[in-house]
Amino acid sequence: MPSIRFRLNGTAREIDADPTSTLLDILRGQFGLIGPHFGCGSGECGACRVIVADHAVTSCDTPVWSVADKDVTTLEGLGSPEHPHPLQRAFIAEQAMQCGYCVSGVLMSAAALLMQKPEPTEAEVRAALDRNLCRCGAHNRMVRAVLAAANEMTVP
Amino acid sequence: MTGAPSPPILPVSLAANPKLSSWVRFAPDGQVMVSSGKVEIGQGIVTALAQIAADELDVDIGRVRMIRATTSTSPNEGVTSGSLSIQQSGRALRLACAEIRQIFLVAAADRLGVDEDALAIEDGTISGPGNVTTSYWELAGDISLDRDAAGGLPKPAVRRALAGRSVQRLDIPDKVFAQPRFIQDLALPGLVHGRVLRPERPGAKLTRLDENAARAVTGVIAICRDGSFVGVVGETERAAEAALALLRKAAAWSGGEALPDEDDLANFLKAQPVESTIVDHKTASAPGRKARTIRARYTRPYIAHASIAPSCAIAQWTADRVRVWTHSQGVYLLRADLALVLKLPAENITVEHLEGAGCYGHNGADDVALDAVLLAKIAGGKPVRVQWSRADEMTHAPFGAAMAIELEADLDAQGEVVNWRHAIWSNGHAARPGRASQPALLAATELAHPFPRMVSTNPPQVNGGGGDRNSVPLYDFPSWIIESHRLLTMPVRTSALRTLGAHGNVFAIESFINEIAAERGEDPLAFRLRHLRDERARAVIRSVARRATWKPAPQAGIGHGIGFARYKNTGAYCAVIAEIEGEQDIRVKKLTVAVDVGEAINPDGVINQIEGGAIQATSWTLRERVRFEATRITSTSWADYPILRFSEVPAVDVEVIQRPEMDPVGAGEAAHGPVTAAIANAVFDCLGVRVRQLPITRDGLIKAMDLSS
């Protein structure tokens, strides 16, 4: 099997994998990461979103060959309890979930948005999260949390 | 002569599980281990229960460890459903903790040689005059809690420090920091992966299967076939899925259910054999004179749970004992059904709960647990994780039942209701495991020696009913008859989905109330207040009216509507005002909600539940409908079963009417019916079109316009 190199959460990795494997398979199966969640397997729900370079992509239908030489960030790479990302702090402060299964993907979509657009409007936040599905109805809390995090990140 | 004091009446969960030690233990490291039979399904119950325990015991909530429900140690509290967890587990825990606190106070008084009344407890440390102290943990070795509850005296509401406060949920940090909590994320040594083959057509039998190609897939461990149940176990998910795809190609099926016409559900429902019951009947002592009768028929389609995560379970056999990890709502009930299928004593089966994605009723969680148990049999003692596909989740999990509801009101010359008739045609709304002598699990119907496919039934009225839930109006009409017709056939599998029949019934009643008010030219809110006697009901309606400044001045393209219900007629009161924008499509801009859940243990948790319920109900109302053709369910993906998205959800503004002295009740199902009715009523306000068929889509609007013109 060919070897594929990429950076995962800041660390250089080289794996031997069937290049048609999905990125989600590799992240969960080979690296044991649980941030990205399986939801649909066809890029419709967004539970599996991770950041590749500076875009949130659905890892369940992204072939692993396509991330060669790129930076891949999962929820594990976003922050930690010791060094939380402002989005993670804001999601706790706003209690922005019910079950939380979709939250990992939502956080990655939001993080990608803030990389590209540090001061988004509410409509822009909603548009950026529109391809993440939430079944519990915690949407508005999540939007508030993203706006709060953006605010915190841009205040000098 | 004085008789023995009568034993106190314990709350239902405590009466069923009286041993105090089954609820609370003091761990040597200064923690309090609290067990409940209710499970976290995204509703925040674990945090609310921790608040109650910490309050009654006078310990910091940080010391409370909530033990996951397991049949090996947890109290048996049946199923986590019906918005009953805070009511049942909360009450039991409150009384158990109050009694435990008292037991420890007596022991501390004895040990410290001071009067019990002179002692105080702060964060588990018990202290008295002269700086004498001990603690729960110091005393725990000498006190056995393996005794039956006698009924403690809980603190008065004013002395509760945590109940009524919006404590942050205990599970949320793990979920934002990718710490394992979900069953899908459980890592076990030696874990292998199973997948199950199912026919597109419900109930079809497998007539041919060629396993050779699938066996040749690298990483396949074993293939199992038992009648029409077929599954494969592989070293990896990818291997199991590759083999499954080959099995699918090599399988032939025959027979199965004939599904009804998805565009004519009301006539299908009314044409089936039914079991009919009179839900309630009331006759006026002095009947009013009928001048005319108005009638309307309301329908709702089959609605999918459409959980964001496909159902998942893990099972592992050791000789004739099996251990099961599940996101089922009832670990004991699932165990009972597994015992029936496996013909094993229940003691040989351990069922443990792990969180799954948000659960809104009887979804695929129990079915997939049996799948895992059956596949683990061929895995040589390794733990087998089975995860359904998205299509499995959308087509094989039970659905919320379609309903046809016919309402009639006899009006007198002044347009007042003198008689009211409500008739429901629907499949039963419950086919949960663990309740019958036959298992309710999908694979059990597929085995070579199959169990019959259970036709869903309705819980009794005393438990809130099923198809008839919320069918008895709270309005003071002088006479009525309420009838429920439960289908005895079930081509489309149905079971419990949030609110059971209350969603359909409240939609129908609250729409019809507006139709009557409109006939009379009366404000629909005033009509409701004029016919409601219950002060708490009137209070939520008045609150929501104030908050939404009812009724805002008319504005082109904007409509407002109201909906109200008390969930199950015994639970939470909820009134909703919807503001919609309507042209070709309906857009719900804002939902204003007032809710009374009695004592709100965690007000932000209640608001979160109401917001979520309101948004989910908006999605049901505007988008959701299970699609099918004669031989298969066709809504197999999110593309075919759209739900509301971030850019489409309404703003939700919630007012909680706090009643600390009232028993707490659940909030998760309070909003669904009122929200749906409020939206339908707002559509009428905006467009003058009465939509009686859910969902309210563009096509539905056009159809309703045609009907009314």
Taking region B:76-131 only, how many residues are part of a helix (DSSP H, G or I), closer than 23 Å to B:Ala15 by Cβ and not hydrophobic (A, V, I, L, M, F, W, C)?
10
In region B:483-493, the residues that are surrounded by fewer than 22 Cβ atoms within 10 Å (Cβ to Cβ) and part of a strand (DSSP E or B):
B:Glu483, B:His485
Could you list, ordered by first residue, the pairs with Cβ atoms under 6 Å in which the first is in region B:626-654 and under 21 Å from B:Gly203 (Cβ atoms) and the second is part of a strand (DSSP E or B), at least 6 apart or interchain?
B:Val626/B:Phe399; B:Thr634/B:Phe628
Is there a residue being open to solvent by 40 Å² or more (accessible area, probe 1.4 Å) and at the interface with chain B (Cβ under 8 Å from one of its Cβ atoms) anywhere in region A:46-65?
no
B:Ser89 being buried (at least 21 other Cβ atoms within 10 Å of the Cβ) and over 23 Å from B:Pro18 (Cβ atoms):
no
Matching strands (runs of 3 or more DSSP E) fully within region B:561-680 where at least 2 residues are open to solvent by less than 20 Å² (accessible area, probe 1.4 Å), within 14 Å of chain A (Cβ to nearest Cβ) and in contact with a strand residue (DSSP E or B) (Cβ under 6 Å, 6 or more places away or on another chain)
B:586-596
Give the number of residues within region B:612-671 that are under 18 Å from B:Asp585 (Cα atoms) and of a type in the set (A, V, I, L, M).
7
Can you confirm whether B:Val167 is more than 20 Å from A:Ile26 (Cα to Cα), open to solvent by less than 60 Å² (accessible area, probe 1.4 Å), β-branched (Val, Ile, Thr) and in a loop (DSSP other than H, G, I, E, B)?
yes
Answer yes or no: is there a residue in region B:627-645 that is basic (Lys, Arg) and within 24 Å of A:Cys134 (Cα to Cα).
yes
Flagged in region A:96-112 as surrounded by 22 or more Cβ atoms within 10 Å (Cβ to Cβ) and either out of contact with any Leu (no Cβ under 8 Å at 6 or more places or on another chain) or of a type in the set (D, E, K, R) (or both), in numbering order, are A:Ala96, A:Met97, A:Gln98, A:Cys99, A:Gly100, A:Tyr101, A:Val103, A:Gly105
In this structure, is B:Asp653 acidic (Asp, Glu) and more than 21 Å from B:Tyr298 (Cβ to Cβ)?
yes
Taking the criterion of being part of a loop (DSSP other than H, G, I, E, B), β-branched (Val, Ile, Thr), crowded, with 21+ Cβ neighbours inside 10 Å and in contact with a Lys or Arg (Cβ under 9 Å, 6 or more places away or on another chain), would at least one residue in region B:47-68 satisfy it?
no
Given the options B:Asp117, B:Asp148, name the one that is out of contact with any Pro (no Cβ under 7 Å at 6 or more places or on another chain), more than 14 Å from chain A (Cβ to nearest Cβ) and acidic (Asp, Glu).
B:Asp117
Being of a type in the set (Val, Ile, Thr) and touching an Asp or Glu at 6+ places or on another chain (Cβ under 9 Å) is the filter here; which residues of region B:547-571 pass it?
B:Ile558, B:Ile562
Whichever residue in region B:170-218 is out of contact with any His (no Cβ under 9 Å at 6 or more places or on another chain), of a type in the set (Lys, Arg) and assigned to a loop (DSSP other than H, G, I, E, B) and, among such residues, is surrounded by the most Cβ atoms within 10 Å (Cβ to Cβ)
B:Arg181
Given the criterion surrounded by 19 or more Cβ atoms within 10 Å (Cβ to Cβ), at pLDDT 95 or above and either within 14 Å of another protein chain (Cβ to nearest Cβ) or under 23 Å from A:Leu133 (Cα atoms) (or both), identify the matching residue among B:Ala379, B:Ala372, B:Ala357.
B:Ala357
List the number of the failed condition for B:Ala431; all other conditions in (1) over 20 Å from B:Arg335 (Cα atoms); (2) modelled with pLDDT of 95 or more hold.
(1)
Condition broken by A:Thr73, with the remaining ones in (1) touching a Phe, Trp or Tyr at 6+ places or on another chain (Cβ under 7 Å); (2) of a type in the set (Val, Ile, Thr); (3) under 22 Å from B:Gln184 (Cα atoms) satisfied
(1)
Could you tell me whether any residue of region B:139-154 is in contact with a strand residue (DSSP E or B) (Cβ under 9 Å, 6 or more places away or on another chain) and assigned to a helix (DSSP H, G or I)?
yes
Name the pairs whose Cβ atoms lie under 6 Å apart, with the first residue in region B:159-188 and at the interface with chain A (Cβ under 7 Å from one of its Cβ atoms), the second open to solvent by 70 Å² or more (accessible area, probe 1.4 Å), and 6 or more positions between them or separate chains?
B:Phe177/A:Pro81
Evaluate the following for A:Asp25: is it more than 7 Å from chain B (Cβ to nearest Cβ), of a type outside the set (Val, Ile, Thr) and open to solvent by 10 Å² or more (accessible area, probe 1.4 Å)?
no
Would you point out which residue out of B:Ala430, B:Ala436, B:Ala444 is open to solvent by less than 10 Å² (accessible area, probe 1.4 Å) and in contact (Cβ under 8 Å) with a residue 12 or more places away in the chain?
B:Ala444
Restricting to region B:344-402, name every residue that is out of contact with any Ser or Thr (no Cβ under 9 Å at 6 or more places or on another chain) and among the aliphatic types (A, V, I, L, M).
B:Leu344, B:Leu370, B:Val373, B:Leu374, B:Leu375, B:Ala376, B:Ile378, B:Ala379, B:Val384
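Here's the yes/no breakdown for (1) within 14 Å of chain A (Cβ to nearest Cβ); (2) closer than 21 Å to B:Ala15 by Cα; (3) in contact (Cβ under 8 Å) with a residue 40 or more places away in the chain:
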residue	(1), (2), (3)
B:Gln43	yes, no, yes
B:Ala50	no, yes, yes
B:Asp55	no, no, yes
B:Ser74	no, yes, yes
Scanning region B:336-354 residue by residue, the ones that are in a helix (DSSP H, G or I) and crowded, with 24+ Cβ neighbours inside 10 Å total 2
Subset of region B:362-380 (residues that are assigned to a loop (DSSP other than H, G, I, E, B) and in contact with a helix residue (DSSP H, G or I) (Cβ under 7 Å, 6 or more places away or on another chain))
B:Gly364
Could you please let me know if A:Ala138 is open to solvent by less than 10 Å² (accessible area, probe 1.4 Å), of a type outside the set (Phe, Trp, Tyr) and more than 8 Å from chain B (Cβ to nearest Cβ)?
no
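The values are calculated or read from the model by the stated rules, or taken from the named source; none is laboratory data. Since the model is a prediction, treat every value here as computed from it, not as a measurement. Positions of Cβ are backbone-derived with ideal geometry, glycine not excepted, and every protein chain shown enters the neighbour counts. Ligands, DNA and RNA are stripped out before the accessible areas are found, and what is left, the full protein with its side chains, is counted by its heavy atoms. Shrake-Rupley method; radii C 1.70, N 1.55, O 1.52, S 1.80 Å.
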